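One structure is given below, encoded as structure tokens.
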Amino acid sequence: MTKAGRLTKRSEFLAARRGRRLNGPYFFIETLVRGDDEPPRFGLTVTKKVGNAVARNRIRRRLREAIRTAAGSEMRNGVDYVIVARRDVLNVAFVTLKDELSRRFSRFDPAKSGPSKNQRQDASASEV
């Protein structure tokens, strides 16, 4: 298993928004197929709406640990993942969190990853 890298720049996070979105009860994941065979990269987003700094940092620590211990092996090479957490991540059992992350990562198929809904709308508008 290769270690997943980290997304650090704002432009990398914004680029992932153009990809496919995988919804879940505790978070949603925005994915972008980079088209290379480099190790996967991930970034975490926890907004102020979720809670104070202590709660946001705890959510980030829980998600990073879940990726490190279990879900990282399900991530595909050449794909960027942005995990946008909801407040429920704080209270859910850690085993459930790991299982949910693994399930979302394993269901993602880069071959089926077409343009996002916004890109389809932009393309159809330019054809008119």
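The values are calculated or read from the model by the stated rules, or taken from the named source; none is laboratory data. Predicted, not measured: the structure shown is a model, and the values here were computed from it. Backbone-built Cβ (ideal geometry, glycine too); neighbour counts: all protein chains shown.
Across segment 88-128, the qualifying residues are those that are in contact with a Phe, Trp or Tyr (Cβ under 9 Å, 6 or more places away or on another chain) and part of a helix (DSSP H, G or I), and the one among them that is modelled with the lowest pLDDT is F105.
Restricting to segment 50-64, and then to whatever is part of a helix (DSSP H, G or I) and free of Cβ contacts under 8 Å to residues at least 24 places away in the same chain, can you tell me which residue is nearest to the chain's Cα centre (by Cα)? Walk me through how you get there before you give the answer.
So the first thing to find is which residues in segment 50-64 are part of a helix (DSSP H, G or I), and the list is 50, 53-64.
Subsequent filtering for residues that are free of Cβ contacts under 8 Å to residues at least 24 places away in the same chain retains 53-54, 56-57, 61, 64.
Working: A53: 21, V54: 22, R56: 16, N57: 17, R61: 15, R64: 12 Å.
The selected residue is R64.
Pairing each residue of segment 35-49 that is in contact (Cβ under 8 Å) with a residue 24 or more places away in the chain with any residue that is loosely packed, with under 13 Cβ neighbours inside 10 Å, provided the two are 6+ apart or on different chains, yields C-beta distances under 8 Å for P39/T2; P39/K3; P40/T2; R41/R6; F42/R6; G43/R6; G43/T8. In this structure, does R20 turn out to be within 26 Å of D109 (Cβ to Cβ), buried (at least 20 other Cβ atoms within 10 Å of the Cβ), in contact with a Gly (Cβ under 9 Å, 6 or more places away or on another chain) and touching a residue at least 60 places away in the same chain (Cβ under 8 Å)? It is true that R20 is within 26 Å of D109 (Cβ to Cβ), buried (at least 20 other Cβ atoms within 10 Å of the Cβ), in contact with a Gly (Cβ under 9 Å, 6 or more places away or on another chain) and touching a residue at least 60 places away in the same chain (Cβ under 8 Å). The residue that is surrounded by the fewest Cβ atoms within 10 Å (Cβ to Cβ), among those in segment 70-80 that are part of a helix (DSSP H, G or I) and in contact (Cβ under 8 Å) with a residue 60 or more places away in the chain, is S73. When each of I29, I67 is tested for being part of a helix (DSSP H, G or I) and either closer than 18 Å to R107 by Cα or at pLDDT 95 or above (or both), the lone residue that passes is I67.
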